[in-house]
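Below: one structure, written as structure tokens.
The values are calculated or read from the model by the stated rules, or taken from the named source; none is laboratory data. Quick caveat: nothing in here was measured; it's all calculated off a predicted structure. Cβ sites come from the backbone with ideal geometry, for glycine too, and all protein chains shown count toward neighbours. Surface accessibility is based on the protein's heavy atoms, side chains included, excluding ligands, DNA and RNA. Shrake-Rupley method; radii C 1.70, N 1.55, O 1.52, S 1.80 Å.
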Amino acid sequence: MLCILCAAVAAGGVYAAEFSVKSPDGKLEARLEDGKQLAFSVTADGKKLLDRAAIGMSTDRGEFGKDASAKSSKTRSADALIKTRLGTKSSIRDNFNETRVDFGGYSVIVRAYDDAAAYRFVSNGGAGEMVVKSETLTLPLKDDDKVVAHIVPGMRTSFESVFTRTTSGGLKKLKKGANASMPFIYEKDGAKVALVESDWTEYPGLRIAYPQDADSPRAAFAPVPKKLVQKGNQLQPSEVEDYIAKTKASREFPWRAFIVARQDKDLASNDTVFKLAAASKIGDDSWITAGPSVWDWWVNWNTEGVDFKCGFNEDMCKYYADFAAENGIPYITLDAGWHIGREGLGKAYLATDARTKFVDEYNRDENYINGKPRVDIPAVVEYAHSKGVKVVIWCLSKVLYAYPEKALDLFKSWGVDGLKIDFSDRDDQLMIRHIENVTKLAADRQMVIEWHGCPAPSGLHRTYPNAITFEAVHGAEVNKWAKTVTPSHNVDLVFTRMLLGPIDYTPGGMRNSNARSFNVVKDVPRVQGTRAHMAAQYVLFFSPLQMISDMPSEYMKEQELLDFISSVPTVWDDTKALCGKMGEYVVIARRSGDKWYLGGMSGWEGKDVEIDLSEFLPEGGKYLAKIVRDTENSDDLPEDCKIETRKVTSNSTLKLRMKSGGGFAVKFMPYK
């Protein structure tokens with residue numbers, strides 16, 4: 001498992017020790033080399049996928065990684081099962097080999113899985129605090145190496161970009177301040193390698209940038225804010241410190257992991273981030289309920305066939321609760337505006353002093369916690385609970401920054417079951433601290449949190465499973481103002497964003513469009529792709545709290561489809577990625593209890609697939625397969641889909657055609 005080699009380093013004739021740890025199957029190797037500059041390498045199947053990446057930390061306790069001379073090392077192996085109720089698998093195998101190399105004031109832990117290599121720094125500074133000035137991770141990529149990057153405009157971002165295909169050198173051409181948040185994927189020697197992070201706590205999020213004066217991409221981090229000021233509905237730094245973290249002098253720092261995908265499908269079901277995260281700090285999490293949620297904001301509180309005025313009012317909220325209860329949907333999510341209303345956000349006050357005044361009041365922290373909501377949330381909650389439906393309400397992140405316990409105590413006193421917290425739009429140390437603190441305080445009050453306008457979870461969903469879902473995605477809401485949420489983009493998300501954890505994409509759009517017919521509509525938006533493509537998202541996109549986003553009246557017209565998507569579990573006992581290619585198509589099978597589900601999506605080019613059901617169905621099993629699929633005409637009439645039932649066995653083959661922007665969803669129910 002471990003070997004230590006000595007080799008002369010050409011520069012200065014300094015000798016370096018090399019520590020090597022191999023994966024349990026022996027096919028992947030991670031190496032740590034000391035000397036003038038600490039270096040980390042990854043080899044898989046005999047291919048060098050990361051060759052001597054410089055790593056280190058500059059601190060007021062010394063330079064970690066400079067002139068590094070190992071003093072000792074120790075190894076360990078693990079093969080355990082991680083149990084979870086709220087994941088893509090109920091039991092995750094955590095099988096790795098690891099070495100910990102001690103350098104005196106700090107150590108480096110190197111870990112090798114069969115499908116990933118990771119390292120983390122550990123400071124050994126005793127009591128007190130330390131300042132981290134910067135962290136080094138230099139990626140030794142050639143300028144023509146292909147990358148898939150989540151490029152954001154700067155340190156202030158909602159983390160909601162599309163994934164861009166470019167080259168390593170292309171990152172150097174980005175606008176000043178732009179960088180890539182995780183995951184960062186590059187190609188080497190026929191494999192894809194995804195850089196991710198996990199277990200961030202009291203530390204900024206990892207980004208990748210390519211400065212003009214550099215010769216390769218490297219880590220970048222938001223500095224610690226010195227002063228925060230309100231900018232619209234957010235808190236943003238007006239002054240920053242010259243360091244990225246002030247933290248405990250003895251601690252473990254976040255993991256930096258390199259996931260190795262021999263095939264694209266290896267990225268479609270990968271547990272590395274979850275396995276590296278700290279174990280749950282909640283203890284008994286039986287109070288956390290997963291499931292779908294009716295949601296109001298996407299369609300601007302519109303529906304058809306009602307005898308009251310549509311809008312954000314108590315009648316509408318109770319209507320949503322009734323609809324949820326009648327269809328076995330456990331949640332409703334009430335979005336922005338319950339505190340003082342939304343009228344001043346409309347066109348009537350556009351660019352007027354009245355609108356400015358309204359927006360100021362809308363964003364004022366105290367108007368969320370004065371106990372006088374415009375919509376009677378306590379009454380709505382009481383009504384919803386009488387129907388067996390839980391309630392999540394929206395709140396600005398900065399309100400919880402100013403009044404964390406006061407706000408949570410008030411909302412809990414109303415009976416609210418969870419919060420959708422929006423517009424954090426940063427990942428500096430103070431924001432990561434805020435996200436973890438609010439999530440912990442909510443857990444203490446048995447409340448779930450749906451984080452929006454936020455960095456991706458990076459393991460927090462394991463440590464605090466009441467952090468039930470996260471946005472950090474170019475999701476369906478963008479259809480209200482742009483044409484960039486394409487079927488190919490939707491396929492990409494399974495291989496990219498979902499590496500980091502749950503994804504609040506908000507599926508369910510019923511006005512399905514092809515590339516020719518799609519147009520931007522704000523109040524009753526359309527979506528790109530077929531109706532079966534939409535149905536597939538309920539199987540493919542993992543989110544323990546999953547939105548059902550369109551008007552209730554739209555689903556009532558298609559009750560059989562509503563029954564299908566509302567019955568798809570949002571947490572799973574097992575997951576198997578069957579096939580796929582990034583941006584083109586993906587097929588995944590998931591199990592809940594004795595039922596299996598199959599989801600497939602394609603880009604605009606469509607895809608025919610032939611699925612051998614023995615890849616996931618138990619041997620000898622007989623099943624009724626309820627299928628939502630495209631029809632022969634779905635590429636021209638994207639709202640056209642076929643729902644049918646077939647008898648299959650584990651020896652059957654299922655042939656399905658995904659039309660342009662198409663897909664399918666299948667529910668396998670055992671029978672005797």
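Here are a few things to note about the model shown:
- Helical runs assigned H by DSSP (4 residues or longer) give the chain a calculated mean residue ellipticity at 222 nm of -4500 deg cm²/dmol, each run adding -39500 (n - 2.57) before division by the residue total.
- Carbon-plus-sulfur accessible fraction, the chain (probe radius 1.4 Å, protein heavy atoms only): 47%.
- Only Lys, Arg, Asp and Glu carry charge here, each on its Cβ (+1 for the first two, -1 for the last two); on that basis segment 546-621 has a dipole of about 220 debye about its Cα centre.
- Relative contact order of segment 522-613, taken over Cα pairs closer than 8 Å and 6 or more residues apart, is 26 percent.
- If you take the Cα centroid of segment 62-135 and the Cα centroid of segment 615-629, the two points sit 41 Å apart.
- Pairs from K89/K626; K372/K406; K581/K655; K188/K483 whose Cα-Cα separation, in the structure shown, is over 20 Å: K89/K626; K188/K483
- Positive-end residue, segment 280-332 charge dipole about Cα centroid, Cβ charges, pick of T303, T289, I332: T289
- Our summary gives the chain a relative contact order of 11 percent, counting only alpha carbon pairs under 8 angstrom and 6 or more residues apart.
- Loop chymotrypsin sites (Phe, Trp or Tyr not before Pro), segment 585-645, which have at most 14 other Cβ atoms in a 10 Å radius of their Cβ (DSSP): none
- Over every Cα atom in segment 379-500, the radius of gyration and the widest Cα-Cα span, Dmax, amount to 15.6, 44 Å.
- Remark on segment 569-672: Rg and Dmax equal 13.5, 40 Å (Cα only).
- Protection proxy ranking, peptides 23-31, 514-522, average beta carbon neighbours within 10 Å, highest first: 23-31, 514-522
- Segment 504-596: C-alpha gyration tensor shape, a/c 1.5 cut-off, then a/b vs b/c: oblate
- Given charges at beta-carbon only (K, R positive; D, E negative), |dipole| of the chain in Debye: 760 debye
- Simple rule: put +1 on each Lys or Arg Cβ and -1 on each Asp or Glu Cβ in the chain, find the dipole, and look at T653, Y113, S73; the Cα lying farthest toward the positive end is S73.
- Using C-alpha pairs under 8 Å with a sequence gap of at least 6, the mean separation divided by the residue count of segment 279-406 gives a relative contact order of 29 percent.
- The magnitude of the dipole of segment 156-202, with charges of +1 and -1 set on the Cβ of Lys/Arg and Asp/Glu and taken from the Cα centre, is near 480 debye.
- Placing unit charges on the Cβ atoms of the charged side chains and taking the dipole of the chain about its Cα centre, the candidate lying farthest along the positive direction among M431, F668, V196 is V196.
- Tensor-based shape of the chain (alpha-carbon gyration tensor, a/c under 1.5 rounded, otherwise prolate or oblate): oblate
- Accessible area per residue in Å² at 1.4 Å probe, computed on segment 510-597: 29 Å²
- Centroid-to-centroid separation of segment 443-494 and segment 374-399 [C-alpha atoms, Å]: 21 Å
- Heavy-atom accessible area per residue - segment 103-205, 1.4 Å, Å²: 34 Å²
- Heavy-atom accessible area order for H385, H533, largest first, 1.4 Å probe: H385, H533
- Shape of segment 97-202 from the C-alpha gyration tensor: oblate (a/c of 1.5 or more and a/b not above b/c, with a ≥ b ≥ c the square roots of its eigenvalues).
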